[in-house]
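Below you'll find the structure, written out as structure tokens, and then a few comments.
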Amino acid sequence: MHFEKIEKSIGYTFKNRNLLKKALTHTSYAYENRVESNEKLEFLGDSILEYISSKYIYNNYKNLKEGEMTKVRAEVVCEESLYKVAKLHNFSDFILVGKSELNNNGNLKPAILADSIEATIAAIYFDGGLEKAEEFIINNLKTAIEDSTKHVGMKDHKTVLQEKLQENGDISIKYTVIDEKGPDHEKIFTVKVEVNGKELATGEGKTKKQAEMNAAGKALEKLGN
């Protein structure tokens, strides 16, 4: 395993590289080779990630209410978000998966890659302490947190649109991705919202969910809401 390459990418050099190797060891590989998997590290990393992201949101976005902070954290501390971090650092080139899992492109699966990020957070914590783990988390998620806080007030737009359109009876509302552009870790999605088969508005976002919310928001503007 080329430790230097991944260490350079994540911005942290391990004193004990066995911790890094364990963080990148999926259960399928561990079972086949009778070694310890990253499951326990992942368990701890998940808690560290939630704590650090909560603290960062609390300290840097004082205007957000408790419910809004919870929504931001949920959007950032999720499989899709962590998968993007793993893609950014090419974790798929380093993750250790079993032969059967590898045959099914297990090293590319979002869930496996997202879990490896959580395990790596715990590995950094054990190797260098909480401050270093915090640096890794914030460096990789602060942009996603910032983007999420900008749209936190828009999270109910889909519901508001549905309620408004259904005032006069049942209607069909459909959201469709019509374009994707940019690299995997910086994708921009374009979504259109249709009502009874007629396009009402389009919206862009760094996630499909965000694009849907933006499309719903623009639809509400057209309807004068």
ask   = Taking helices (runs of 4 or more DSSP H) that fall entirely within the range 1-94, which contain at least 2 residues that are outside the structural domain of E186 (by TED's automatic domain parsing) and more than 16 Å from L141 (Cα to Cα)?
value = 3-10, 17-23, 27-33, 39-60, 66-76
Checking E135 against (1) touching a helix residue (DSSP H, G or I) at 6+ places or on another chain (Cβ under 7 Å); (2) more than 19 Å from K40 (Cα to Cα), the condition it does not meet = (1)
Residues of the range 160-217 satisfying the condition of being among the basic types (K, R), more than 18 Å from V85 (Cα to Cα) and surrounded by fewer than 17 Cβ atoms within 10 Å (Cβ to Cβ) = K164, K174, K198
ask   = For the range 132-154, does any single residue satisfy the condition of being more than 30 Å from N16 (Cβ to Cβ) and loosely packed, with under 12 Cβ neighbours inside 10 Å?
value = yes
ask   = Mind checking which residues of the range 65-98 are under 22 Å from S37 (Cβ atoms) and among the charged types (D, E, K, R)?
value = E79, K87, D93
ask   = Is there a residue in the range 151-172 that is in contact with a helix residue (DSSP H, G or I) (Cβ under 8 Å, 6 or more places away or on another chain) and free of Cβ contacts under 8 Å to residues at least 40 places away in the same chain?
value = yes
inquiry  = Looking at the range 1-24, I want the residues that are on the phi < 0 side of the Ramachandran plot and at pLDDT 95 or above and have a partner that is surrounded by 19 or more Cβ atoms within 10 Å (Cβ to Cβ) and assigned to a loop (DSSP other than H, G, I, E, B) with Cβ atoms under 6 Å, at least 6 apart or on another chain. Which pairs are those?
reply    = I6/F94; S9/H89; I10/H89; L20/F14; K22/N38; A23/N38; L24/F94; L24/I95
task = Just name the residue that is nearest to L223 (Cα to Cα) out of those in the range 134-188 that are among the hydroxyl-bearing types (S, T, Y) and within 13 Å of the chain's Cα centre (by Cα).
result = S148
query = Does G197 satisfy the criteria of being under 18 Å from A144 (Cβ atoms) and not assigned by TED's automatic domain parsing to the domain that holds C78?
reply = no
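The values are calculated or read from the model by the stated rules, or taken from the named source; none is laboratory data. In this text the structure is predicted, and so the values were computed from the model without any measurement. Please note: Cβ atoms are built from the backbone with ideal geometry, for glycine as well, and neighbour counts cover all protein chains shown.
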